[in-house]
Amino acid sequence: METEILKTFDENHKQTGVATRAEIHANGLWHETFHCWLISQVNGEYYLYFQLRSADKKDYPSLFDITAAGHLLATESPEDGIRELREELGLSLLKEDLEKIAVIPCIIEKPLMIDREFAHVFLAIQKGAFTDFHLQVEEVAGIVCSKLMDVVQFIEGDLPLLPLTGFKILENGEKVNFTLDAKPSDFVRYNNKYMTLLTTILKKRFL
């Protein structure tokens, strides 16, 4: 994975070349990623889905994250990132099922890594709950959802805990349902610009 070849960019999203994933993170080079948020509509209420990252992940283990996300290879278009939905979640969605909402610059800094992304952000929306998950347990340990209104209030700081409901896969392979009132520290933390723009779009589109 660290040897994957990705496109590199300047801060204005102009391509500058290619590099390995390891080189990009070590040197803080801008690159492209695919972010897809699943949204379902049940009884007139919208729900947003998060994945629970595996405890074995190198980065951000056991934290809740974007429903499906991944790096775009140098040979891929933004829509090709739909493979993440198939690989990680086992969902057989088509490119036509994706709704692109923005390209959002996103920076996460941590020891030994500077992650500078141009995130191509998509929604996948359906009436009725998403239930057909077949998780790649090496990557994803579970799936949860919450009311979209609650998610927006949680991100904006008006709700201290976010009620989540979903399932997770235990080490023995057993699937168990669970609920949780999650804290901000239970989530991968993206920069304020990303979260502000995302909530603005979601409120305008659904609330």
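The values are calculated or read from the model by the stated rules, or taken from the named source; none is laboratory data. All values derive from a computational prediction rather than experimental measurement. With ideal geometry, Cβ positions are generated from the backbone for all residues, glycine too; neighbour counts draw on all protein chains shown. The protein model used for the area step is the full one, side chains on, heavy atoms only, and it has no ligands, DNA or RNA in it. Shrake-Rupley method; radii C 1.70, N 1.55, O 1.52, S 1.80 Å.
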Practice problem: Scan the strands (runs of 3 or more DSSP E) fully inside segment 136-207 and keep the ones with 3 or more residues being surrounded by fewer than 18 Cβ atoms within 10 Å (Cβ to Cβ) and not basic (K, R). | Solution: 162-169, 175-182
Quiz prompt | Top-ranked residue in segment 20-53 [being among the polar types (S, T, N, Q) and surrounded by fewer than 18 Cβ atoms within 10 Å (Cβ to Cβ); ranked as nearest to I143 (Cα to Cα)] | solution = Q41
Exercise. Find the strands (runs of 3 or more DSSP E) located wholly in segment 1-58 whose residues include 2 or more that are in contact with a Lys or Arg (Cβ under 7 Å, 6 or more places away or on another chain), and list them.
Key: 15-20, 30-42, 45-53
Exercise. Starting from segment 73-100, keep only residues that are free of Cβ contacts under 8 Å to residues at least 60 places away in the same chain, then list their pairs with residues that are among the hydroxyl-bearing types (S, T, Y) and surrounded by fewer than 13 Cβ atoms within 10 Å (Cβ to Cβ) whose Cβ atoms are within a distance under 7 Å, requiring at least 6 positions of separation or different chains.
Key: R86/S92
Exercise. Scan segment 7-55 for residues that are of a type in the set (S, T, N, Q) and without any contact (Cβ under 8 Å) to a residue 40 or more places away in the chain and jot them down.
Key: T8, N12, Q15, T16, T20, N43
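Looking at G70, is it out of contact with any strand residue (DSSP E or B) (no Cβ under 9 Å at 6 or more places or on another chain) and either within 30 Å of D181 (Cα to Cα) or surrounded by fewer than 13 Cβ atoms within 10 Å (Cβ to Cβ) (or both)?
So G70 does not fit the description; no.
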Quiz item: In segment 73-88, what residues are hydroxyl-bearing (S, T, Y) and either within 13 Å of the chain's Cα centre (by Cα) or open to solvent by less than 50 Å² (accessible area, probe 1.4 Å) (or both)?
Solution: S77
